[in-house]
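Asks: Starting off with a structure, shown below.
The values are calculated or read from the model by the stated rules, or taken from the named source; none is laboratory data. As the structure is a computational prediction, the values presented were derived from the model and not from experiment. Every residue, glycine as well, gets a Cβ built from its backbone with ideal geometry; the counts of neighbours run over all protein chains shown.
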Amino acid sequence: MIQPVTISTQNGIAAVTIDNPPVNALSQAVRQGLADAVQRTEADADVRAVVLLCAGRTFIAGADVREFGQTPREPHLPDVIDMIEGATKPWIAALHGTALGGGLEVALGCRFRLADPSARLGLPEVNLGLIPGAGGTVRLPRLVGVPAALEMIAGGKMVSVDKALEMGLVDRIVDGDLTQAALEFAKSAALETPVEPLMARDVAQSDSDKWEAQKAAIAKRARGQNSPLAAITALENALAMPADQALAKERELFFQLKDDPQSLALRHIFFAERSAGKMPRLKGVKPRPFDEIGVIGGGTMGAGIVAACLLAGLRVVMLERDDESLSAGQERVQNTLAQSHKRGLIDADTLTRMQGNFSGATDYAALGNADLVIEAVFEDMAVKRDVFTRLDAATKPDAVLATNTSYLDIAEIAEAVADPSRVSGLHFFSPAYIMKLLEIVHPPKVADDVLATGFALAKRLGKIAVPAGVCDGFIGNRIMSAYRRECDYMLEDGALPQDVDAAMRDFGFAMGIFAMQDMAGLDIAWAMRKRQAATRPADMRYVDIPDQLCELGRFGRKTGAGWYDYSSDPKGAPDPLVEGIITKASADKGITRVPLSADEIMGRIIGVMQSEGRKILDEGIAQSPEAIDVVMVNGYGFPRWRGGPMFMAGDA
Ligand code: COA
């Protein structure tokens, strides 16, 4: 077996290097290698200090999640970190890439932490339904204070190296060669003054009002997820108990959480997100290069796609039909970029560079250099085909063309182009610069390298890509249409919109389906229902309550009323008028209304998601049950910690 941890000693400094691709996860072999390295360097009289380095793209990215299902094997990580911290020769961690979870805990066991400017640090265990289990909740507050530690542990977000320096989490940012700098540091005077190990330090008590407010905010954000609450408990322990006791409690909590169904669900989604985007037919297929992107349409979706591409460093040409629409679209993009700058996500130079990468046009000739063009115009077949006919004439013959349609037949759109093999679907979710999901729709004639380009774009934009076949609504919207229909049935059967929405929120959705429709606007679905009216099977149950709302001009928030009334309450209040329409609809069909419990409501919603999901699988629209879960979690607010409908069904 290849030894993943090696030591080389020069001039009294031992360099311990972990090389365990792809992300230097702390497998049993790595833990053993580190334990051996402590013993060997302690025993070697020539060694004065130890530098811990990682080969490849990143520092240790955490425990090996694949080992979580197995019986833990020695040496356990807390013991290894204890050995590092207790060593008489100081250990210096040299961080690059991502120092995450157990990786950051190893670094906290070291006396010093140096990092290169691109490094990011975090304790993301909460995202897997866990808390740090190797001292993170005990050592981190001793280094950065309790509030900052709780934020990192319960929030699970990474911090930049600048932030880490400001917090005191790293001692120094190193420009240039990190290994060289760490070796120099190990020889420097910095090591002459003894530094206390974190376990030996006290925790600074924090302001009790602020502490209570912080805990309450985190509990609220958790929306039914257990691990953020466990993070609070662990930090309360760190405040109240001696370090070794808090450490033992942390381990107990960690093991409880590891067997919690929420953690199993979150681990399922973690791996599902990484497998869902792999299409066997694209193995070894090279994407076409892309640098300049064209986006047709400057509405909310088009402008969002432009912003997503600019934020990823791409050059973008936005095309609109006239000057007025173009300047409105450009303004939307500029506002998004300005917001990103205001929120500290991009600095002033980057903002200027991104603005320089952005141009607008009203003439298709401006797309002559585009490598990839994404169409995001009005959802109408004739309009879209017209756009693609023009694109066919204006673009390079090998430019990749994509439509952002949510429902229309992409194969039919592709026929507007002489070479339909260059057309695929890229279904973004709004706002496109925030939402992580991208459905990559593959019409029958699409070329493999065109499809591969879609996946490469998703990666560049930091999105989770899921392939989907052509059908009405692809994966996500098709499932959503099915369960929205079921929710309409429930209205006729005895529920009110607020009952359904409350049940969904209690289940863990951020928002219920009716509140969501009010936000998105009821008119688009209404137009679609009118289009589908002629082909709808006569024996299919049809609920006309939403049509009645639209006929009254109640299109949702934008008109001040929809399923809810927004005239006096910006969050929306139940409206007696809507209740009247609903109860009359039941009466007109001779349905005796029977109130539905939250469990019954959720049982029906999840049941429909699962049965529609199985149909989608049978038809080959989705590649795997995992793909469906990834779509529902990342595009439709399905609570991540429940793993997705197919996981709940035991299918994934
Ligand atoms: N244990 C086991 N495998 C892991 C892993 C871990 N902690 N972290 C990542 N991997 C695997 C992924 O499954 C993927 O495998 P695959 O290529 O077979 O699909 C591979 O490493 C690369 O990961 P990926 O996420 O695709 O790469 P990336 O460069 O986009 O992101 C990370 C890298 C480290 C930021 C990201 O993988 C991550 O956040 N990992 C989890 C970290 C974590 O939660 N650690 C705490 C564990 S308790």
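Asks: If only one of I513, I591, I524 is closer than 26 Å to A649 by Cβ and among the β-branched types (V, I, T), which one is it?
Replies: I513
Asks: Read through the list (1) among the charged types (D, E, K, R); (2) away from the ligand (no atom under 14 Å from the Cβ); (3) in contact (Cβ under 8 Å) with a residue 24 or more places away in the chain, then give the number of the only condition that E125 fails.
Replies: Every condition holds for E125 apart from (2).
So that you can scan it fast, the table gives a plain yes or no per residue for (1) among the aliphatic types (A, V, I, L, M); (2) in contact with a helix residue (DSSP H, G or I) (Cβ under 8 Å, 6 or more places away or on another chain):
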position: A230; (1), (2): yes, yes
position: N237; (1), (2): no, yes
position: E252; (1), (2): no, no
position: S263; (1), (2): no, yes
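Asks: Continuing with the same structure: Looking only at residues that are charged (D, E, K, R) and in a loop (DSSP other than H, G, I, E, B) in region 143-194, which one is modelled with the lowest pLDDT?
Replies: The qualifying residue modelled with the lowest pLDDT is E192.
Asks: Go through (1) within 16 Å of the ligand (Cβ to nearest atom); (2) in contact (Cβ under 8 Å) with a residue 40 or more places away in the chain; (3) within 24 Å of the chain's Cα centre (by Cα); (4) part of a helix (DSSP H, G or I) one by one and return the number of the condition K215 breaks.
Replies: Checking K215 against (1) within 16 Å of the ligand (Cβ to nearest atom); (2) in contact (Cβ under 8 Å) with a residue 40 or more places away in the chain; (3) within 24 Å of the chain's Cα centre (by Cα); (4) part of a helix (DSSP H, G or I), the one that fails is (1).
Asks: Quick one: T41 ticks every box in (1) within 27 Å of the chain's Cα centre (by Cα); (2) away from the ligand (no atom under 15 Å from the Cβ) except a single one, so which number is it?
Replies: (1)
Asks: Right, another one. How about region 143-172: which of its residues are more than 28 Å from the chain's Cα centre (by Cα) and of a type in the set (A, V, I, L, M)?
Replies: If the condition is that a residue be more than 28 Å from the chain's Cα centre (by Cα) and of a type in the set (A, V, I, L, M), then L143 is the only one that fits.
Asks: If we scan region 531-554, do we find a residue that is in contact (Cβ under 8 Å) with a residue 24 or more places away in the chain, assigned to a helix (DSSP H, G or I) and in contact with a Pro (Cβ under 9 Å, 6 or more places away or on another chain)?
Replies: No, region 531-554 has no match at all.
Asks: List, please: which pairs have Cβ atoms under 7 Å, are six or more places apart or on different chains, and start with a residue in region 414-431 that is closer than 11 Å to V446 by Cα and end with one that is surrounded by 19 or more Cβ atoms within 10 Å (Cβ to Cβ) and hydroxyl-bearing (S, T, Y)?
Replies: G425/T403; G425/T405
Asks: Now for a different question. Give just the number: which of (1) at pLDDT below 95; (2) more than 25 Å from the chain's Cα centre (by Cα) does A222 not satisfy?
Replies: (2)
Asks: Looking only at region 237-260, filter to residues that are among the acidic types (D, E) and closer than 16 Å to R139 by Cβ; which one of those is surrounded by the fewest Cβ atoms within 10 Å (Cβ to Cβ)?
Replies: The extreme case among them is D244.
Asks: Here is a follow-up. Count, please, the residues in region 79-98 that happen to be within 16 Å of the ligand (Cβ to nearest atom) and in a helix (DSSP H, G or I).
Replies: Qualifying residue count, region 79-98: 2.
Asks: Out of all the residues in region 619-641, is one or more over 20 Å from R484 (Cβ atoms), surrounded by fewer than 21 Cβ atoms within 10 Å (Cβ to Cβ) and free of Cβ contacts under 8 Å to residues at least 12 places away in the same chain?
Replies: No, the conditions are met nowhere in region 619-641.
Asks: For S275, all conditions in the list (1) within 13 Å of the ligand (Cβ to nearest atom); (2) surrounded by 15 or more Cβ atoms within 10 Å (Cβ to Cβ); (3) farther than 27 Å from R142 by Cα hold save one; what is the number of the exception?
Replies: Single failed check for S275: (2).
Asks: Which of the helices (runs of 4 or more DSSP H) found entirely inside region 274-388 contain at least 3 residues meeting this: in contact (Cβ under 8 Å) with a residue 60 or more places away in the chain?
Replies: On the way: elements: 300-311, 323-342, 348-356.
Of the helices (runs of 4 or more DSSP H) lying wholly inside region 274-388, those with at least 3 residues that are in contact (Cβ under 8 Å) with a residue 60 or more places away in the chain span 300-311.
Asks: When region 43-78 is examined, which residues are found to be touching a helix residue (DSSP H, G or I) at 6+ places or on another chain (Cβ under 7 Å) and part of a loop (DSSP other than H, G, I, E, B)?
Replies: Scanning region 43-78 gives V47, F59, I60, A61, G62, F68, R73, P75.
Asks: Which condition from (1) surrounded by fewer than 24 Cβ atoms within 10 Å (Cβ to Cβ); (2) over 25 Å from D202 (Cβ atoms); (3) at pLDDT 95 or above; (4) within 11 Å of the ligand (Cβ to nearest atom) is the one that F68 breaks?
Replies: Result: F68 passes all but (3).
Asks: Specify the residue that is surrounded by the most Cβ atoms within 10 Å (Cβ to Cβ); the eligible residues are those in region 438-468 that are part of a loop (DSSP other than H, G, I, E, B), touching a Ser or Thr at 6+ places or on another chain (Cβ under 7 Å) and aliphatic (A, V, I, L, M).
Replies: V446
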